[in-house]
Amino acid sequence: MTRTAIDIDLDQPVLLAVVVSVHRCRACRCYFRAQPPFLRPDAIYTNRVVAKAVEAVYQDGLAFRCVAARLARDFWVRPSEAMIRRWCRAYAAGWDFDRDYLPWVVETFSGVLCLDEVYQGQLALLLAVDPAGADGDRLVGYQLVQGSVDQASMDGFLCRLRAAGIRPAQVITDGAALYPSLLAEVWPTAAQQLCLFHESRRVTTAVNDVLKAVRRRLPTPPPATRATLGGRPRLVTPAADATDHATTRWRWREASRAAALARVHELRRRGLSLRAITQQTGLNRRTVTKWLRYETPPHDGAAQTFLPSPSPFVEALPPAPWTSWHQVRQVRDQLKRTRSLLPRRPDHLTADEHAHLQVLLDSPLGAELRVARAFLVDWYAIWRDDIGQRRPLSDAQQHYACWQANTEYRRLPALRRVQESVDRARFERLSCFLRDPSWEATSNAAERMGRTFRHRQGPHFNLRTPASIAAALTVRACLQKQAATSPVMLFDNRCRRGDKPSRRPTVRAA
């Protein structure tokens, strides 16, 4: 008999007329058909179509609703979205995390483990990641939890990892109070590393708080002279005997505006066009047009010349230590341009950025900013030397003692809170990575894995059930193992210059 099958092709639709044989079993007297190796039973799409659809979802991160359009564009086949979901569900059912993936992870475990949790609505995902894998960040284990993560769920997750054979020498976590007691119970010999990135973020936040406080105390300069000729008029006229700065400026503004109005009407009486009036007075064309609709002021000789003010107006001096409003405006502009440079690490700044930052630190408001900057630089100097290398533990302890004993930092409340919170016990948890060169200082591997999970969840807005999420995590973990253990194909016509050495076996293509 003949079956019709649909296969992929780059140039045109392909329909296969597959001739299959029918056989009869003499023992059971039943008839059966011989199944082609490239076609599933009772299917019209070949295995290559199924493979392309599954790869588009699990390897390319494409949404289910977009796979059909992509297959139609590239390969001239268009299965339905429901069929693609069934193919992916059947493919995920063929993988088992504990059987196909976890033994390989236990065998190649580096001894460093990062723990973190990711929240997605009412669902929480617990992640355990090995940051020192040969192929990068490697998922060690996961667990989905409904609601918030409590001590019981975290204890069950850690006990599952221990039962699987995970014996870490270092465990890195954030500052949550959930971890220390559980880690001491599950892995009593493992060093508990507090994530240095999360702690450094508290330091940079304190420096930004000092910067915000300095910006709030910066005096606000009065508006420029040109801007004072426009704006809305006052609803209430000040008293005639008022001599405060705002009233004096308002009177100067009204006198300047009246002189400019008389000048505009005088130029119009001479027959000048609107363009000529705007060029001579420097006013906006709309302002000139509006003023010409007003009643013509009385013609006198005083309006023949356009003066900025009938009587000179002198701005009040800014408070000490500022010498002029021009200096205030310069510092405000400099602060706006360089405020993002203050909380940066010294080795992350270019020479020009160092120069711009130094100008800000030398300004009249730079006293507190210099203290905040020194607080940040001394913090990073605890862990790294001048060339960016890790310090020995003894040197880090000496730098920490100097940073902790500095009384200049205690004068600023934002810095004092951070300085008091990083006590000796917290420093011991932060400096664990200095004991071994192969240990990590941050839980960035778990953070990256969590961001990858969120990124891959974005296109799949219907992938919200725990079963579908667990299946997707299992498939991607097994595909990572498959890619790491499969041999690397070497092609003779490809240049190998610049390629990184790989630990995977190599096979030369024929």
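Tabulated data for the structure shown
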{"quantity": "Length added when fully stretched, residue 159-residue 359, from 0.36 nm per residue minus Cα-Cα", "calculated": "66.5 nm"}
{"quantity": "Between the stretch 30-107 and the stretch 403-436, the Cα center-to-center distance that results, in Å", "calculated": "54 Å"}
{"quantity": "Between the stretch 339-358 and the stretch 170-212, the alpha-carbon center distance in angstrom", "calculated": "27 Å"}
{"quantity": "For residue 8, distant residues with modelled amide H under 5 Å away", "calculated": "49"}
{"quantity": "Rounded FRET efficiency, nearest 0.05, which uses the C-beta distance separating residue 467 from residue 428 and R0 of 56 Å", "calculated": "0.85"}
{"quantity": "Per-residue Cβ neighbour rank within 10 angstrom, fewest leading, 352, 385", "calculated": "352, 385"}
{"quantity": "Size of the stretch 2-93 as Cα extents on the principal axes (Å, biggest first)", "calculated": "50, 32, 18"}
{"quantity": "Rounded to 5, the percent of DSSP beta bridges in the chain classed as antiparallel", "calculated": "70 percent"}
{"quantity": "Nearest 10 degrees, 0 to 90: helix 393-405 Cα axis against the chain principal axis", "calculated": "30 degrees"}
{"quantity": "Residue-span extension gain [residue 247 to residue 167] - 0.36 nm each, minus C-alpha spacing", "calculated": "21.2 nm"}
{"quantity": "Label point at residue 3 placed 7 Å out along Cα→Cβ; residues across the stretch 54-93 whose backbone nitrogen lies under 19 Å", "calculated": "78-80, 83-84, 86-88, 90-91"}
{"quantity": "Cα-based helix-to-principal-axis angle, 151-164 vs the chain, degrees rounded to 10", "calculated": "40 degrees"}
{"quantity": "Degrees between helix 366-383 axis and first principal axis of the chain (Cα, 0 to 90, nearest 10)", "calculated": "20 degrees"}
{"quantity": "Ranked 195, 478, criterion: other C-beta atoms within 10 Å, fewest first", "calculated": "478, 195"}
{"quantity": "Proximal aspartates and glutamates to residue 481, defined as alpha-carbon separation beneath 20 angstrom and excluding residues fewer than eight positions away on the same chain", "calculated": "55, 60, 96, 98, 100, 107, 130, 135, 137"}
{"quantity": "Three-way shape label, the chain, alpha-carbon gyration tensor, a/c 1.5", "calculated": "oblate"}
{"quantity": "Dipole moment magnitude, nearest 20 debye, the chain about Cα centre, only Lys, Arg, Asp, Glu C-beta charged", "calculated": "2000 debye"}
{"quantity": "Positive-pole candidate from 418, 50, 218, dipole of the chain, charges at beta carbon", "calculated": "50"}
{"quantity": "Extension gain, residue 11 back to residue 327 (0.36 nm per residue minus Cα-Cα distance, nm)", "calculated": "106.7 nm"}
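We did not get these values from a lab; they are worked out from the coordinates using the rules stated. Predicted model only: the values in this text are computed from it and were never measured. Heads up, the Cβs are rebuilt from the backbone with ideal geometry, glycines too, and the neighbour counts pull from every protein chain shown.
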